[in-house]
Amino acid sequence: MACTSCSTSDGGAPKGCKNNGTCGTDSCNKLTVFDWLANMSLPSGETPFDCIEVRFKNGRKEFYRNTEKLSLSIGDIVATEASPGHDVGIVTLTGELVKIQMKKKGVNHNSPEVAKIYRKASQKDIDIWSDSRDKEEPMKVKARELAIAHKLEMKISDLEFQGDGSKVTFYYTANDRVDFRLLIKDYAREFSTRIEMKQVGFRQEASRLGGIGSCGRELCCSTWLTDFRSVNTSAARYQQLSLNPQKLAGQCGKLKCCLNYELDTYMDALKDFPEFETKLKTEKGDAVCQKQDIFKGLMWFAYFDNFANWHVLNIEQVKEIMAANKQGKKVSSLEDFAVEIITEPEKDFNNAMGQESLTRFDQPRKKKTNHNKNKKRKPFGPDKKPTSENKNEPKK
């Protein structure tokens, strides 16, 4: 949901607010909540909710109490309580929707642990904040070099300066426990500031960094997904996907979160299907299931002595054979119940408009041979120059 600054200007070119990731109206950032109560006034005698939502780097959001009764709106830069010093962030939500968000995230708004807002950020606070943000990229490169020098199996994925520049939080990922006590001493000596290390999971790292998924859209974890549920390979098996880790894994190296999106629909559809391990007994021999088609309601069976030949049956026919087997009866063969599948003709796309082939540049061009170069020229000596006298003389 973009703000008015991101609309197109004259000529269809994007206008852009040029805030470089710190949108003034906070409508272009990830995990943004649309304030649909912004244009509604409070009833008489009602006081606005005293807590607000503040966003920091990479979509990190916290709730703060407005003890000073400041008149704040979305997009204001404020100085908030931190330990030690203060932090600087952008107001993303005010009013009654903050109460709903706090209830959704399990934060008690009456708790004394909720930090407070000091003031609206002054120009000096903003200058220190922006200067600290400019130091983050070169510091991240140097921090990774020091971690490699200590031979620690960890990855420094990101770092975040506090608003007043008094503390730096390093976010890292690691498979096992890491002893980084010596590393912190080198960081404090190199950067001359307070150091805090915070370990995040691989999915949280991908949500902080962002990126484009294999579907061509921005990652779900960096746009709207807030809770990361465990994803198992059984989700891929239920959806009949090939267990290829290169296709099933996301940018975080774990299984894609979108494997769980349609899993409930597949599970509901599989309730009407017989179990995959179902064996059908016929006079011709026993058969076992090889494949299922949830959308068409079909199952493929093959005899134990001929796995290469598959027979297609409907779910109702499979249940009919199973009911007969429970009564101790055997059907004659699966061929009597097989369904003929009509294959659609393949679409042949012809070059109707006469365009050239897209593969015309794939084949290398043949080099043109100059036939004149192959002809050997006879040298003309001083005695063999053609003259007008011996030009018409007959050959001897």
**OP:** Quick one: which strands (runs of 3 or more DSSP E) lie wholly within region 253-343 and hold at least 2 residues that are free of Cβ contacts under 8 Å to residues at least 12 places away in the same chain and on the phi < 0 side of the Ramachandran plot?
**Re:** 306-314
**OP:** Determine whether region 116-136 contains at least one residue that is of a type in the set (D, E, K, R), at pLDDT 90 or above and either under 20 Å from residue 253 (Cβ atoms) or assigned to a loop (DSSP other than H, G, I, E, B) (or both).
**Re:** yes
Subject >> Tally of residues being surrounded by 15 or more Cβ atoms within 10 Å (Cβ to Cβ), of a type in the set (Val, Ile, Thr) and not in a helix (DSSP H, G or I) across region 208-234 >> reply: 1
**OP:** Sort through 185, 167, 124, 155 and tell me the only one that's touching a Phe, Trp or Tyr at 6+ places or on another chain (Cβ under 9 Å) and under 23 Å from residue 85 (Cβ atoms).
**Re:** 167
Subject >> Residue ID - surrounded by the fewest Cβ atoms within 10 Å (Cβ to Cβ), chosen from residues in region 162-174 that are free of Cβ contacts under 8 Å to residues at least 40 places away in the same chain and touching a helix residue (DSSP H, G or I) at 6+ places or on another chain (Cβ under 9 Å) >> reply: 165
Original post:
If you check 87, 35, which single one turns out to be modelled with pLDDT of 90 or more and either assigned to a loop (DSSP other than H, G, I, E, B) or within 30 Å of residue 194 (Cα to Cα) (or both)?
Top reply: 87
Subject >> Enumeration of residues in region 102-121 that are within 11 Å of residue 63 (Cα to Cα), in contact (Cβ under 8 Å) with a residue 40 or more places away in the chain and not charged (D, E, K, R) >> reply: 102, 107, 109, 114, 115, 117
**OP:** Residues being open to solvent by less than 90 Å² (accessible area, probe 1.4 Å) and assigned to a loop (DSSP other than H, G, I, E, B): count how many of those fall in region 241-252.
**Re:** 5
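The values are calculated or read from the model by the stated rules, or taken from the named source; none is laboratory data. Here the structure is a predicted model, which is why all the values come from computation and not from measurement. FYI the Cβ positions are ideal-geometry reconstructions off the backbone, even for glycines, and counts take in every protein chain you see. Heads up: the accessible areas ignore ligands, DNA and RNA and are worked out on the full protein's heavy atoms, side chains in. Shrake-Rupley method; radii C 1.70, N 1.55, O 1.52, S 1.80 Å.
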